[in-house]
Amino acid sequence: MSDIGRREFIAMAGMAAAWRHTRIGAAGMRIGYAAITWGGNDAQAIDDIAAVGYTGIQLRASAVDTWGTRPETLRALLRQRGLTFAVLSSGNLKYDAASVNEQLELHTAHAKFVRDAGGVQLQVIDEKPKDHAPGPDDFKRLAGVMSELGRRTKAIGVPLVYHHHMNSTGEPPVAIDAILSASDPASVGLLFDIAHYQQGGGDPVAGIRTHASRIKAVHLKDVRPIATTPGYQWVELGRGRVDVKGCVAPLKAVNYTGWAIVELDRVVDANGSPKASAAANREYVEKQLGLTL
């Protein structure tokens, strides 16, 4: 390559790097979609989520059941569909003394699957004690188990994120605060779910500001009250009572460039479909939140 050619190549590479930096800064967070709506039919979820135009996906432990012995097949499929494997929902983490060793082995194995399938992060939800209301000792015990798990998954290149959740130890904001305070920030990140945080009694906008330094993934989700048990229902963005726009504002303010996963547990409309809900959520993300996929 001539000197002129080299200079042109370096200049073009610099321009490309600057463009990528500008684009990330302007676009902010990366938007993915959760496969949970498809109820375990992950192959269909991958096809539909890619067809709607999302560039990232969150899969559940059902993906391990399907591709656990051949993660390279999943990796190739996602690459073909143009999807990043952003998060694996690894399932519930039991933290009672009798279960700890088995649980550490299980979720570490899932982290290896994520790594081998080209994924980014591992998510756990804790399993709430069945014989008592969670208290300070539970918060510390859970934090300790997650810290150890996070050290193990980090060592193989897959960061751990904790998903606070309804009907878990980390349901109310006070519990989330305590669990995070007692855990190792270098080993345990937070997957902040705006709808679960609100349904758990918190203000998600304030929660994002409080925990901004620990947030490594986000669930964009909405919830509305219903008359029947459990008294609430997850719905498409903009159909519930979560201030989704208000939640996105502090993320933009701190230039959050991690994954924000749009999540809907199930389709609530009789004539709806997972793909149609994904499309409706994309329209909300782009037109109401001003974000691009």
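The values are calculated or read from the model by the stated rules, or taken from the named source; none is laboratory data. Here the structure is a predicted model, which is why all the values come from computation and not from measurement. Cβ atoms come from the backbone with ideal geometry, glycine included; neighbour counts cover every protein chain shown.
Among residues that are in contact (Cβ under 8 Å) with a residue 24 or more places away in the chain and within 18 Å of the chain's Cα centre (by Cα), Q123 is included. Among the criteria (1) within 25 Å of V205 (Cα to Cα); (2) assigned to a loop (DSSP other than H, G, I, E, B); (3) touching a strand residue (DSSP E or B) at 6+ places or on another chain (Cβ under 9 Å); (4) not aliphatic (A, V, I, L, M), the one N167 does not fulfil is (3). Under the condition of being surrounded by 14 or more Cβ atoms within 10 Å (Cβ to Cβ) and in a loop (DSSP other than H, G, I, E, B), the residues counted in region 242-264 number 6. Within region 135-147, residues that are among the polar types (S, T, N, Q) sit with their Cβ atoms under 9 Å from residues that are modelled with pLDDT of 95 or more and part of a helix (DSSP H, G or I), at 6+ positions apart or across chains, in these pairs: S147/A182. Consider region 192-228 and keep the residues that are in a helix (DSSP H, G or I) and among the small types (G, A, S). The one that is nearest to N167 (Cα to Cα) is A195. Looking only at residues in region 185-241 that are acidic (D, E), farther than 27 Å from T108 by Cα and crowded, with 20+ Cβ neighbours inside 10 Å, the one that is farthest from the chain's Cα centre (by Cα) is E236.
Pick out, from region 26-138, the strands (runs of 3 or more DSSP E) lying fully within it that include 1 or more residues that are at pLDDT 95 or above, closer than 23 Å to V218 by Cα and among the small types (G, A, S).
Numbers: elements: 30-34, 56-60, 84-93, 121-126.
Those strands (runs of 3 or more DSSP E) span 30-34, 56-60, 84-93.
Based on what the data block shows, is W234 in contact with a Leu (Cβ under 8 Å, 6 or more places away or on another chain) and among the aromatic types (F, W, Y)? Quick ask: steps written out before the conclusion?
Details: in contact with a Leu (Cβ under 8 Å, 6 or more places away or on another chain): yes; among the aromatic types (F, W, Y): yes.
Considered against the rule, which asks whether it is in contact with a Leu (Cβ under 8 Å, 6 or more places away or on another chain) and among the aromatic types (F, W, Y), W234 comes out as yes.
When the residues of region 266-291 are filtered to those that are exposed (fewer than 15 other Cβ atoms within 10 Å of the Cβ) and closer than 23 Å to F85 by Cα, which remaining residue is nearest to the chain's Cα centre (by Cα)? Taking the candidates together, the pick is R266. For A16, the test of being of a type in the set (A, V, I, L, M, F, W, C) and either at pLDDT 95 or above or touching a Pro at 6+ places or on another chain (Cβ under 7 Å) (or both) is failed. Look through region 125-184, keep the residues that are among the hydroxyl-bearing types (S, T, Y) and within 12 Å of N92 (Cα to Cα), and return whichever of them is surrounded by the fewest Cβ atoms within 10 Å (Cβ to Cβ). Only one residue tops the list, namely S168.
When residues in region 265-288 are screened for being part of a loop (DSSP other than H, G, I, E, B), closer than 15 Å to A195 by Cβ and not β-branched (V, I, T), 2 of them pass.
Please name all residue pairs, on different chains or six or more residues apart, with Cβ atoms under 7 Å, provided the first residue is in region 218-238 and is on the phi > 0 side of the Ramachandran plot and the second residue is among the hydrophobic types (A, V, I, L, M, F, W, C). Correct list of pairs: G238/V244.
Residue-wise test of (1) over 17 Å from Y284 (Cβ atoms); (2) at pLDDT below 95; (3) out of contact with any helix residue (DSSP H, G or I) (no Cβ under 9 Å at 6 or more places or on another chain).
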{"position": "P225", "(1), (2), (3)": "yes, no, yes"}
{"position": "P230", "(1), (2), (3)": "yes, no, yes"}
{"position": "W234", "(1), (2), (3)": "no, no, no"}
{"position": "G240", "(1), (2), (3)": "no, no, no"}
{"position": "P250", "(1), (2), (3)": "yes, no, no"}
{"position": "N255", "(1), (2), (3)": "yes, yes, no"}
{"position": "I261", "(1), (2), (3)": "no, no, yes"}
{"position": "V267", "(1), (2), (3)": "no, no, no"}
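Evaluation of S90 against the conditions (1) polar (S, T, N, Q); (2) touching a residue at least 12 places away in the same chain (Cβ under 8 Å); (3) farther than 25 Å from L180 by Cα shows that the sole unmet condition is (3).
Among the residues in region 176-199, are any closer than 21 Å to I261 by Cβ and either free of Cβ contacts under 8 Å to residues at least 12 places away in the same chain or of a type in the set (D, E, K, R) (or both)? Yes: one or more hits.
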